Structures are given as C-alpha cells and as structure tokens.
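What follows is a set of notes on a single structure, which appears directly below.
The values are calculated or read from the model by the stated rules, or taken from the named source; none is laboratory data. These numbers were taken from a predicted model, which means no experiment stands behind them. Here the Cβ is made from the backbone with ideal geometry for all residues, glycine too, and neighbour counts use every protein chain on show. Areas reflect the complete protein model, heavy atoms only, side chains present, ligands, DNA and RNA absent. Shrake-Rupley method; radii C 1.70, N 1.55, O 1.52, S 1.80 Å.
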Amino acid sequence: MGRGNRFHLAIIPLLFLAFIGFMSTPVKAAVKSYQFNIQVKNVSRLCHSKPIVTVNGLFPGPTIYVREGDRVLINVTNHAQYNMSIHWHGLKQFRNGWADGPAYITQCPVQTGQSYTYDFNVTGQRGTLWWHAHIFWLRATVYGAIVIMPKQGTPYPFPQPDFEFNLLLGEWWNNDVEEVVKQGNKLGLPPKMSDAHTINGKPGPLVPVF
C-alpha cells in the first residue's frame, strides 16, 4: 500500500470523529426578555367605558413569542392598586416551579410599586398557550397568548399554512369584576354573568348596543 493511501485511511477516522463532535454540539438556547407593566387604563366596550387592569396598556395583553428550548425572562412591574401574579397556563415548569405564578402557592404576589422577574425554560413543548393573572378575578382583563415555535429547521408536520393568527376567547363585564365577585360573595350566589363574550378582546358586531 502506498504512502498516500495510508495517509487517506488514517485521516478518515479523524474526520468522522470531528463530524460526530460537530453534530453532538448542542445549539445554544436564546434568551427572550419581556417587560410587563401592570397598569390601569380606560377601555370602552358595549358603549361602556371603565378602568381595567392591563399589561402595557393592552387588552388583551402582548403575545409572547419563543422557541422550544429558549430561556424566558419576564419582568413584571406593578403600577396598579391590586397585588398581581402571572400564570403561564399549560407551560411545563421543569425544575422552575417557582415561576408558575399562582399567588400564595408558588409565590407571594407582586405588590403595588414592586417588580418580580419570572425566569423559566421552554422544554419539550411547541404550540399556542396562554398566560393570565392568577389572583382575584384580574384574569378577566389581564391575559394574552404564548406562541412556542419549534426549533429552527424543524419542518411543519402538516402543509404549511399561508398565514397564522391568534384567537383569544374571553368575557366582558360592564361593571368592575372585583365588585361583581364581592357582590356574589355577599349574597352567597355565583357572580353575575358577563355582559358579552369576546374574541381578541372585542364583543363583535352582533352584540346589541343601546
């Protein structure tokens, strides 16, 4: 066997090992950061205006976009008169259960004038979930979508759609929701039914307005 052939045979295992090492190197996860300012804003629905608790002045709140494997940091600063906590509904909290959000269960609520940073990883999940307040009835207006996209390069498991959009179903009360709950508790009855159902915060054109 010639010297050149022996050199080629010797270099093949080295190239193979280098290829395996490259393929096994984990892709570094991104860190996605969001700022949630809890604030009161006047919002009109059904020809009725009232102050509601919002995130960043939006109703519904902002959509969180992440990829599978990302680390997510969401800093919540509470400017409202109510204590606040946020729950990431349907998100699997592996080894970071303290970021799950239920007030007085996994955390003390964020008090007025205070901030708290939720720090969690998105592991083994993709799809659309939602987040919402997890204290009192503030989830009636404090909520939004979580869109978990697959890792880069992952193909669609179905024909790729032309476009995508979120649909958030909710309810609207003309009265202050906390007062609605207090009144029901005082009478020993369930809270008064909502005045309308909503899609992305809007009751739609079929709701009669007088």
Subject >> Count of residues meeting criterion [within 14 Å of the chain's Cα centre (by Cα) and farther than 20 Å from residue 58 by Cα] in the range 84-101 >> reply: 7
Subject >> Only one of 53, 31 that is more than 30 Å from residue 199 (Cβ to Cβ), of a type outside the set (D, E, K, R) and at pLDDT 75 or above >> reply: 31
Original post:
Name the pairs: first residue in the range 177-200 and within 20 Å of residue 44 (Cβ to Cβ), second residue among the basic types (Lys, Arg), Cβ to Cβ under 6 Å, at least 6 apart or on different chains?
Top reply: 180/192
Original post:
When only residues in the range 73-102 that are aromatic (Phe, Trp, Tyr) and in a loop (DSSP other than H, G, I, E, B) count, which is surrounded by the most Cβ atoms within 10 Å (Cβ to Cβ)?
Top reply: 82
**OP:** Inspect all residues belonging to the range 62-80 and state whether any of them is at pLDDT below 95, of a type in the set (S, T, N, Q) and within 30 Å of residue 94 (Cα to Cα).
**Re:** no
**OP:** Select, from 106, 112, 128, the only residue that is without any contact (Cβ under 8 Å) to a residue 40 or more places away in the chain, under 13 Å from the mean Cα position of the chain (by Cα) and open to solvent by 40 Å² or more (accessible area, probe 1.4 Å).
**Re:** 128
Original post:
Any residue in the range 38-46 that is outside any strand (DSSP E or B) and closer than 30 Å to residue 205 by Cα?
Top reply: yes
Subject >> Selection from the range 193-210 of residues that are open to solvent by 100 Å² or more (accessible area, probe 1.4 Å) and either charged (D, E, K, R) or at pLDDT 90 or above (or both) >> reply: 193, 197, 202
Original post:
Any idea which of 112, 123 is in contact with a Gly (Cβ under 9 Å, 6 or more places away or on another chain) and part of a loop (DSSP other than H, G, I, E, B)?
Top reply: 123
